[in-house]
Ligand SMILES: [Zn+2]
């Protein structure tokens, strides 16, 4: 065989190999169809996991069984699991794959105290005084798990380079697990992150969330007999009352975006003892961190004034602080496309009837279930009321947020009605939609470097040189909650 013909054959073989590779390589659309099929195959598993989380109904920092279940499924499916991250016994990070890009998916699984409820269309506690998933975090946890599992199978089968990280994030409802996870740098290596939340609407969230400061204000006075020698006493409760009065006057002089709310957690034991100790728990929110800082400064002055006026001393315990959400419009548009490609949920008559019954019981318009996919909202508008620790992640890496319909339209959130819908086909269908939209969006980020680059550019531009700084001190340990036997 001549030299030239050898070269020709070599080129031919190489070209054929390339051709075969190109032929074997599936298009983005084909890969997405395969991914959606994987989610469908996992639907039973996801319902089982969701129902277990619903039944455990573990409140913030006590999500031991819930996190264990999620971790065991992830390990069984080939993920490496790092346990007890950021000093939180119920937090974890599960990873699969290698190299860049690294795409994060957030999972939450904490329940709310005192809301126990069966999955009936009327209010009926399962355990009187028990906890319940009034925010649908059982669906949140299982839905995010599903996205990670389905995605893993596709990137494994097609040798797509990159890493998936599923974050098990405890205590969203109080404490804010992500606050500690963010402070400890757990999100620092991500190229992007994806989260979702159950809702009664379906949309990619571009309105963001409010920044918040969480303060516990404590007054100490002097005890005395409230009738025999009250002049010897200094009432800590008086100081609390003066503070709340001051806060309520302050409301007239803050921007309309501000929200301040409080509860008195300690106010004395009996009326005939002048209260020596009293505590007020305050949350102050606004659409920006700076706005919150301004309000908190005013509250600090009110507290000082109240202490002087009542002859007591004051102490403020700064429990936590969240940023507002940094919205990434570029990535949100990608997610919107995927959501539209998957299409809205279809409901059966009995599901609509169940929804209307819940709406009747909760005194809201009987509009049934609404799952039209909303267009992207005006992202320049101020966020609606509410804060989330997901916002912390959004200042570290471009973060996308999705809401899907998991409950009847307009029902009160953090209520029994959400718990009922979260262990019902209405909730499951919303969860599957979220799983699919998150998984397909993550796949886009794995396959298309250009999207990621554009997302990062927007992120960098919006940071305006700011580097994320956690609102909690570097050495503050996360609180630990110990389960008491009932
Ligand atoms: Zn929630």
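For the stretch 260-317 versus the stretch 65-84, the inter-centroid distance based on Cα atoms is 41 Å.
Sorting 286, 378 by the number of Cβ atoms found within 10 Å of their own Cβ, with the fewest placed first, yields 378, 286.
For the stretch 211-322, the normalised intensity computed at q = 0.15, 0.17 Å⁻¹ comes to -0.61, -0.75 (log10 of I(q)/I(0), Debye sum over alpha carbons, equal scatterers, no solvent).
Say each of residue 48 and residue 263 gets a label point 7 Å from the Cα, pointing the same way as Cα to Cβ; how far apart are those two points in nm? Simple spin-label model gives 3.7 nm for this pair.
Ranked by the mean number of other Cβ atoms within 10 Å of their residues, highest first, the peptides 414-423, 471-480 come out as 414-423, 471-480.
Rounded to the nearest 5, what % of DSSP beta bridges with both residues in the chain are antiparallel?
The antiparallel proportion sits near 70 percent.
Helix 425-447 and the long axis of the chain differ in direction by around 60°, with both axes built from C-alpha atoms. Angle, helix 329-342 long axis vs. longest principal axis of the chain, Cα atoms, 0 to 90°, nearest 10? The helix 329-342 is inclined about 70 degrees to the chain. Taking the longest Cα principal axis of the chain as reference, the axis of helix 236-250 is set at about 60 degrees. Rounded to the nearest 500, the 222 nm mean residue ellipticity of the chain from helices alone is -13500 deg cm²/dmol, with -39,500 (n - 2.57) taken per DSSP H run of at least 4 residues.
How big is Rg to Rh over the stretch 62-144, alpha-carbon atoms, Rh as the Kirkwood inverse-mean-distance radius?
1.07
For the peptides 370-377, 93-100, residues were scored by their other Cβ atoms within 10 Å and the scores averaged per peptide; the highest-first order is 93-100, 370-377. Between residue 248 and residue 481, the FRET efficiency from the beta-carbon distance, with R0 = 30 Å, is close to 0.40.
Of the peptides 55-63, 459-467, the ranking by mean beta-carbon count within 10 Å, highest at the top, reads 55-63, 459-467. Applying 0.36 nm per residue to the separation of residue 337 and residue 160 and subtracting their alpha-carbon distance, the gain on full extension is 61.5 nm.
Available extension along the chain between residue 127 and residue 225 is 31.2 nm, counting 0.36 nm per residue and deducting the alpha carbon span. With neighbours defined as other Cβ atoms within 10 Å of a residue's Cβ, the residues 455, 71 order from fewest to most as 71, 455. Taking every alpha-carbon pair under 8 Å whose residues sit at least 6 apart, the stretch 267-350 reaches a relative contact order of 17 percent.
Quick check on the chain: what does the Kirkwood estimate of hydrodynamic radius come out to from the alpha carbon pairs, in Å?
When all Cα pairs of the chain are included, the Kirkwood radius is 24.4 Å.
Per residue, the average separation of C-alpha pairs within less than 8 Å and at least 6 apart gives the stretch 180-252 a relative contact order of 16 percent.
Pop the C-beta distance of residue 64 and residue 119 into the FRET formula with R0 = 30 Å and round what comes out to the nearest 0.05. E between residue 64 and residue 119, to the nearest 0.05, is 0.80. Taking other C-beta atoms within 10 angstrom as a stand-in for reagent exposure, 318, 167 fall in the order 318, 167, fewest first. Over the chain, Cα pairs under 8 Å with separation of 6+ residues give a relative contact order of 22 percent. In a fully extended conformation the segment linking residue 304 and residue 55 would gain 85.1 nm over its present Cα-Cα distance, using 0.36 nm per residue.
Need the C-alpha centroid separation for the stretch 423-486 versus the stretch 214-228, integer Å. That distance is 42 Å.
Rule-based calculations on the coordinates, nothing more; no lab input. Because the structure is a prediction, the values reported are computed rather than measured. Counting neighbours? That spans all protein chains shown, and the Cβs are built from the backbone with ideal geometry, glycine included.
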